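Shown next, in structure tokens, is the structure this report addresses.
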Amino acid sequence: MHGLMMERALTISSLIEHAAKFHKNTEIVSRTVEGPIHRYTYGEAYRRVNQLANVLKNLGVSEGDRVGTLAWNGYRHFELYFAVSGMGSICHTINPRLFPEQITYIINHANDKVIFCDLTFVPVLESLAEQLVDVHAIVIMTDMEHMPETQLSNIYCYEELMDSTTDEFEWPEIDELQASSLCYSSGTTGSPKGVLYSHRSTVLHSFAVCSADGLAISGRDTVLPVVPMFHVNAWGMPYASTMAGAKLVFPGGAMDGKSLAELLIDEKVTFTGGVPTVWLMLLQHLKETGKTLPHLQRTVVGGSALPQSMIETFENDYDVACIHAWGMTEMSPLGTVGHMTHALLEDQDTDLMRYKVKQGRVLYGVDMKIVNDDGTPLPQDGEAFGELCVRGPWVTNGYFEDDPTSASSFDNENWFRTGDVATIDPHGYMEVVDRSKDVIKSGGEWISSIELENIAIGHAAVAEAAVIGIEHEKWGERPLLVCVKADDINASGEEILSIYEGKVAQWCIPNAVEFLDELPHTATGKLQKLTLREHFKGYRFAD
Ligand code: ADP
């Protein structure tokens, strides 16, 4: 017997309709690429979202078509999120930090029909234009006054198009399982792969983002998403803030410490989220200027591991809760958040910092397990580490257009294999130990390359470190430490290796050290160990 409840589809347009109706006067503030601060409300945004849907229709965009965006966090990008998905087409956010050949690849792979582009990224498009197969219109996201001189053909001005339409649009009925947006992973492991979100997955994910043990976004918050809208939909914050009716503040392209501090203070921001690098710039600026953050209550940090020193600085110097979170493009992205449990807070003897640096506890909606090499689940004792697998309604079911790696990304029970190696402790806190392709398998035991790198960085003579596995006759693989030397201090390989004594088991210590002038990185700044492994292919340890 079915329940007798209404079947209302969970759609992205319902989020903005709700905000326009019940949070009509709540503000959306943007630092624009052109310079000035722009302000309007959810009510006005909705009116323009209707206009924009008409613009899209006039440009020949129809259901299922992909519409690319190359844009910073701002109100026009926000309008695209809702107009494109709301009319049944797919909002493809393109990461402009990727290498040019990767950008060309994903635009063509996604068959983008129209591209909306911020002024900043016009030169990027100019350099690629000839190789773009399906793009028949490029809309520059500005007004007539700021339209650039460009060689691009088929270009339009966003505001001119908006002025030419009405704000009445007949929104189509949408099946909640329909695709809504597309985001490519940055390709730490091979070509970028497309993750295709649905209306349902996006709305369910927004509920999780708003939940108290998620990012706790509410109608009392002013939210500043620092993480770009071209990176996993700014971790879903624009959708979740619209659901909650939170005031939104968009930083545009100004991610430096000074610009962020200005917005955080002037707009009385209570909640923000971003990767550790951005916060380092902000904290340095605050230190230099003596400014404080009187309104900010909490910041969520993810994308890479959150250092303990950053938690301490935010908490002790600025009275801001600094919360660690983990996720990935394939998970919309939210998986775990590092809030403290009642049990930990009650126990006077607990060192809370030990838990705050972990990646956090899983949210309802995501199921999680760690498994060994043959797929057997491992105990959640905080010691055993294995590949982290997840499943849930906002986890991908396969890459866009059947990427050949799709099959190997799932185990035989259809759990998604994250490629992260982790522990889960008895309190449920997950800790990322390594990437599965980077972990070193020595004599049947696993050695965490990240742990060895973090220790090496502690040596004054080491500016940057990477540890990779090198084939070894007896042990299968043994760790090699590759370092970039610090400018002013000289040390031998042996001296550097001595830093491991007493910090890790003897058998985990790297067999040797090699020095390079620089280490290879991906476009988003992550270490590219694939290239490093190729560089050291055929390497043999001296003994
Ligand atoms: P990519 O395309 O580089 O994989 P994602 O943004 O999807 O881009 O990155 C997801 C990966 O980033 C995760 O699988 C994990 O390895 C890493 N990551 C994300 N958050 C954290 C975190 N809090 N701590 C450590 N690593 C993290």
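The values are calculated or read from the model by the stated rules, or taken from the named source; none is laboratory data. Note that the structure is predicted; figures quoted are calculated from it, not measured. A quick note on method: Cβ atoms are made from the backbone with ideal geometry, for glycine too, and the neighbour counts reach across all protein chains shown. Remember, those area values only see protein heavy atoms, side chains included, never the ligands or the DNA or RNA. Shrake-Rupley method; radii C 1.70, N 1.55, O 1.52, S 1.80 Å.
What to note about this one:
- Those residues of the range 394-425 which are open to solvent by less than 20 Å² (accessible area, probe 1.4 Å) and not in a loop (DSSP other than H, G, I, E, B), in sequence order: Ser409, Phe416, Thr418, Gly419, Asp420, Val421, Ala422, Thr423, Ile424
- Any chance Ser304 is away from the ligand (no atom under 13 Å from the Cβ), open to solvent by 30 Å² or more (accessible area, probe 1.4 Å) and more than 23 Å from Thr202 (Cβ to Cβ): no
- At least 3 residues being farther than 20 Å from Gly74 by Cβ and at pLDDT below 95 is the threshold, and among the helices (runs of 4 or more DSSP H) wholly inside the range 192-302 those reaching it are 276-289.
- Meets criteria (crowded, with 23+ Cβ neighbours inside 10 Å, more than 10 Å from the ligand (Cβ to nearest atom) and touching a residue at least 12 places away in the same chain (Cβ under 8 Å)) for Thr272: yes
- Scanning the range 34-48 for residues that are open to solvent by 60 Å² or more (accessible area, probe 1.4 Å) and not charged (D, E, K, R) gives Pro36, Ile37.
- When restricted to residues that are open to solvent by 10 Å² or more (accessible area, probe 1.4 Å), touching a strand residue (DSSP E or B) at 6+ places or on another chain (Cβ under 9 Å) and more than 10 Å from the ligand (Cβ to nearest atom), the range 426-438 contains 3.
- Qualifying residue in the range 277-286 (condition: in contact (Cβ under 8 Å) with a residue 60 or more places away in the chain, within 16 Å of the chain's Cα centre (by Cα) and within 16 Å of the ligand (Cβ to nearest atom)): yes
- Residue-level analysis places Asp118 among those that are surrounded by 15 or more Cβ atoms within 10 Å (Cβ to Cβ), at pLDDT 95 or above and acidic (Asp, Glu).
- The condition of being over 14 Å from the mean Cα position of the chain (by Cα), of a type in the set (A, V, I, L, M, F, W, C), within 16 Å of the ligand (Cβ to nearest atom) and surrounded by 23 or more Cβ atoms within 10 Å (Cβ to Cβ) holds for Leu215.
- Answer residue from the range 169-212, given it is charged (D, E, K, R) and touching a residue at least 60 places away in the same chain (Cβ under 8 Å) and is nearest to the ligand (Cβ to nearest atom) among those: Lys193
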